[in-house]
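To keep things clear, I will list the structure first and then write my remarks on it.
The values are calculated or read from the model by the stated rules, or taken from the named source; none is laboratory data. This structure is a prediction, so every number in the text was calculated from the model and none was measured. FYI the Cβ positions are ideal-geometry reconstructions off the backbone, even for glycines, and counts take in every protein chain you see.
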Amino acid sequence: MRSLQELVRPNIISLKPYSSARDEFTGEASVYLDANESPYNAPYNRYPDPYQRKLKQKISELKQVEVDQIFLGNGSDEPIDLLIKAFCTPGIDNIISIEPTYGMYQVAADINCIEVKRIPLTAGFDLDTNALLKAADSKSKLLFICSPNNPTGNSFVQEDILNIIINFQGIVVLDEAYIQFTEMEDIVDSRKLLLEYENLIVLRTFSKAYGMAGLRCGYALAGPSMASGLRARHNSVDPAAQFIELELLFR
Ligand SMILES: *Cc1c(COP(=O)(O)O)cnc(C)c1O
């Protein structure tokens, strides 16, 4: 695959992230005067932890992944949009998706002015790996695979997914919103693949099997080298009110 430096949008690589006193101070204070906090203990008086330490710690224990492999989103819909923003230059780059699949990839791409190359599944609803790989050109930054797929409901053959991860020259986004409805989580665990393939990103959510769509809490898992470059910053301790700001520092 191409290096992350080659794949990330140039303006994002050179981004100087916003930094506040909260980024540097890890202690506890009853009132942060510099943040104009109310001293009267109003329930939402405090800006949330920019590193979302508590929530990430919980997800790390729950899912047996390292804290620095996690970035959180306002639902997993938000990482979809953020990944397009981080990797695709509007009007120039493109993404590849299967057809039919989850409609949000197209919407997020349209919002960001990114072309989507939609490659039909085979008659048996399997991945047409040759067609997917053939559709890729030097401007193809992301390839979305939803498995189990919405709306067809089937999980894709692991060798096909691996074939794409190995041969696609960009980032493969594996959307596992419905993974708990299969035995896949036990058979070939994408969390292990993350350690091996640095061009893989896995999307998970609390909206479906966990039945907590109202929280708007999803997350992306990435391998160590991707995760060291991707730093997600939430502005909420309460996942129900999350806003995310993605910072990419590939240095
Ligand atoms: C529902 C869904 C999502 C996103 O759900 P969130 O509530 O934003 O986490 C992502 N992918 C697929 C395939 C879905 O069906």
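Scan segment 59-81 residue by residue and report those that are polar (S, T, N, Q), surrounded by fewer than 21 Cβ atoms within 10 Å (Cβ to Cβ) and within 13 Å of the ligand (Cβ to nearest atom).
none
Can you list residue pairs whose Cβ atoms sit under 9 Å apart, with the first residue in segment 2-23 being farther than 30 Å from ASN36 by Cβ and in contact (Cβ under 8 Å) with a residue 60 or more places away in the chain and the second being of a type in the set (Lys, Arg) and loosely packed, with under 12 Cβ neighbours inside 10 Å? Count only pairs 6 or more apart in sequence or on different chains.
ILE13/ARG251
Select, from ILE166, ILE187, the only residue that is more than 17 Å from the chain's Cα centre (by Cα), modelled with pLDDT of 95 or more and surrounded by fewer than 18 Cβ atoms within 10 Å (Cβ to Cβ).
One residue alone meets the criteria, ILE166.
For LEU133, only one of the following conditions fails: (1) part of a helix (DSSP H, G or I); (2) of a type outside the set (Gly, Ala, Ser); (3) surrounded by fewer than 17 Cβ atoms within 10 Å (Cβ to Cβ). What is its number?
(3)
Search segment 139-188 for residues being of a type in the set (Gly, Ala, Ser) and within 15 Å of the ligand (Cβ to nearest atom), and hand back the single one that is farthest from GLN5 (Cα to Cα).
GLY153
Quick one: in segment 83-104, of everything that is more than 14 Å from ALA135 (Cβ to Cβ) and free of Cβ contacts under 8 Å to residues at least 40 places away in the same chain, which residue is nearest to the ligand (Cβ to nearest atom)?
MET104
Please specify each residue of segment 189-219 satisfying the condition of being of a type outside the set (Ser, Thr, Tyr), part of a helix (DSSP H, G or I) and either more than 9 Å from the ligand (Cβ to nearest atom) or touching an Asp or Glu at 6+ places or on another chain (Cβ under 8 Å) (or both).
Across segment 189-219, the qualifying residues are ARG191, LYS192, LEU193, LEU194, LEU195, GLU196, GLY214.
Within the set of pairs 6 or more residues apart or between chains, which connect a residue that is on the phi < 0 side of the Ramachandran plot inside segment 128-151 to a residue that is away from the ligand (no atom under 16 Å from the Cβ) and among the polar types (S, T, N, Q) with Cβ atoms less than 6 Å apart?
Here the result reads ASP128/THR122; THR129/ASN163; LEU133/ASN167; LYS139/ASN94; SER140/ASN94, each pair linking segment 128-151 to a residue that is away from the ligand (no atom under 16 Å from the Cβ) and among the polar types (S, T, N, Q).
Among the numbered criteria (1) part of a loop (DSSP other than H, G, I, E, B); (2) within 25 Å of GLY218 (Cα to Cα), which one does PRO39 miss?
The single condition PRO39 does not satisfy is (2).
Output the residues belonging to segment 9-32 that are surrounded by 15 or more Cβ atoms within 10 Å (Cβ to Cβ) and either modelled with pLDDT under 85 or touching a helix residue (DSSP H, G or I) at 6+ places or on another chain (Cβ under 6 Å) (or both).
ILE12, ILE13, LEU15, ARG22
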